[in-house]
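**Student:** Got a structure for you, questions after.
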Ligand SMILES: C[S@@+](CC[C@H](N)C(=O)[O-])C[C@H]1O[C@@H](n2cnc3c(N)ncnc32)[C@H](O)[C@@H]1O
């Protein structure tokens, strides 16, 4: 596992009570589940399943004739998922520890692929979309949610990096951060009837010590440009960020700092190719 993946896995391993961190994760899982009409007997893949917030209710919906596979890179998150599966006595679900970037499945294996609040951790999103397109049966659905480019304090972080060091800081979800980008990448992968919604996730960050400090830390799936900075430059970054973030907090009356947006895409695959039936 490379350094970045190790960092991601450890970050989630430390979150030993993930489901109780607030209402955001269960809320987003519910929204995503609502977007696809699940039916008994379907085969579902839940990529980056975490504690199974999507996978477990999906398993209950598809029943014993159906099947759910959840995969995740973090053994800690999967441990929480397994405890819940056991407590519920579910027999039609399995969770597997593996890296989504290297996952391989047979073509036309699934009716639905879910990817809730995690697609931005992938290192190669266009390649993943193409693989998922092949793994879906004709008429299958892909449904994912992710943060918009404006989410978190990314806008302030980017402004500070550009102003101090002329560095263009990539947002973790740069490839899919707007509805237009989602639409274009899905179209390029071959998907049709694309529907992308963007909406507030309904949660605000309280303005506290944590939200005012940033040392340049974060996940950069496609490379971290801040690695080139010296410790002195990082200290300047931290101090400048703090003053800009504090000023923003004052202007926003200590309320609107955290505006996470939810982008969802519901993608029925193309109808069967009649040419192939000749
Ligand atoms: C914010 S959590 C979302 C979990 C779950 N989908 C949910 O909605 O509650 C992100 C998850 O992505 C997983 N993840 C990140 N990168 C991954 C990768 N390359 N392969 C598999 N899982 C990954 C993390 O371990 C973590 O469980």
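The values are calculated or read from the model by the stated rules, or taken from the named source; none is laboratory data. Bear in mind that the values here come from a model prediction, so they are computed numbers and not experimental data. Reconstructed Cβ throughout: ideal geometry from the backbone, glycine too, with neighbour counts over all protein chains shown.
**Student:** Does residue 205 qualify as being at pLDDT below 80 and surrounded by 10 or more Cβ atoms within 10 Å (Cβ to Cβ)?
**Tutor:** The answer is yes for residue 205.
**Student:** Taking only the stretch 93-118 into account, find how many residues are within 9 Å of the ligand (Cβ to nearest atom), surrounded by 15 or more Cβ atoms within 10 Å (Cβ to Cβ) and outside any loop (DSSP other than H, G, I, E, B).
**Tutor:** Qualifying residue count for the region: 5.
**Student:** Residues of the stretch 29-64 being in contact with a strand residue (DSSP E or B) (Cβ under 8 Å, 6 or more places away or on another chain), modelled with pLDDT of 95 or more and assigned to a helix (DSSP H, G or I), which ones?
**Tutor:** If the condition is that a residue be in contact with a strand residue (DSSP E or B) (Cβ under 8 Å, 6 or more places away or on another chain), modelled with pLDDT of 95 or more and assigned to a helix (DSSP H, G or I), then 55, 56, 58, 59, 62 are the ones that fit.
**Student:** Further question on the same structure: Count, please, the residues in the stretch 124-153 that happen to be touching a residue at least 60 places away in the same chain (Cβ under 8 Å) and over 20 Å from residue 104 (Cα atoms).
**Tutor:** Summing the residues that are touching a residue at least 60 places away in the same chain (Cβ under 8 Å) and over 20 Å from residue 104 (Cα atoms) in the stretch 124-153 gives 9.
**Student:** So, one more: Of the residues 160, 156, which is touching a residue at least 60 places away in the same chain (Cβ under 8 Å), buried (at least 22 other Cβ atoms within 10 Å of the Cβ), more than 16 Å from the ligand (Cβ to nearest atom) and more than 23 Å from residue 72 (Cβ to Cβ)?
**Tutor:** One residue alone meets the criteria, 160.
**Student:** Against the definition (in contact with a helix residue (DSSP H, G or I) (Cβ under 7 Å, 6 or more places away or on another chain), surrounded by 15 or more Cβ atoms within 10 Å (Cβ to Cβ) and not in a helix (DSSP H, G or I)), how does residue 90 come out, yes or no?
**Tutor:** So residue 90 fits the description; yes.
Every residue, every condition in (1) within 12 Å of the ligand (Cβ to nearest atom); (2) more than 16 Å from the chain's Cα centre (by Cα); (3) in contact (Cβ under 8 Å) with a residue 60 or more places away in the chain; (4) over 21 Å from residue 119 (Cβ atoms), yes or no:
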site: 40; (1), (2), (3), (4): no, yes, no, yes
site: 44; (1), (2), (3), (4): no, yes, yes, no
site: 70; (1), (2), (3), (4): yes, no, no, no
site: 86; (1), (2), (3), (4): no, yes, no, yes
site: 90; (1), (2), (3), (4): no, yes, no, yes
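**Student:** Same structure again: Kindly indicate whether any position in the stretch 1-23 is at pLDDT below 90, in contact with a helix residue (DSSP H, G or I) (Cβ under 9 Å, 6 or more places away or on another chain) and more than 8 Å from the ligand (Cβ to nearest atom).
**Tutor:** yes
**Student:** Select, from 145, 138, the only residue that is more than 16 Å from the ligand (Cβ to nearest atom) and outside any loop (DSSP other than H, G, I, E, B).
**Tutor:** Unique residue meeting the criteria: 138.
**Student:** Among the residues of the stretch 157-169, is there at least one that is part of a loop (DSSP other than H, G, I, E, B), out of contact with any strand residue (DSSP E or B) (no Cβ under 9 Å at 6 or more places or on another chain), under 29 Å from residue 24 (Cα atoms) and modelled with pLDDT under 85?
**Tutor:** no
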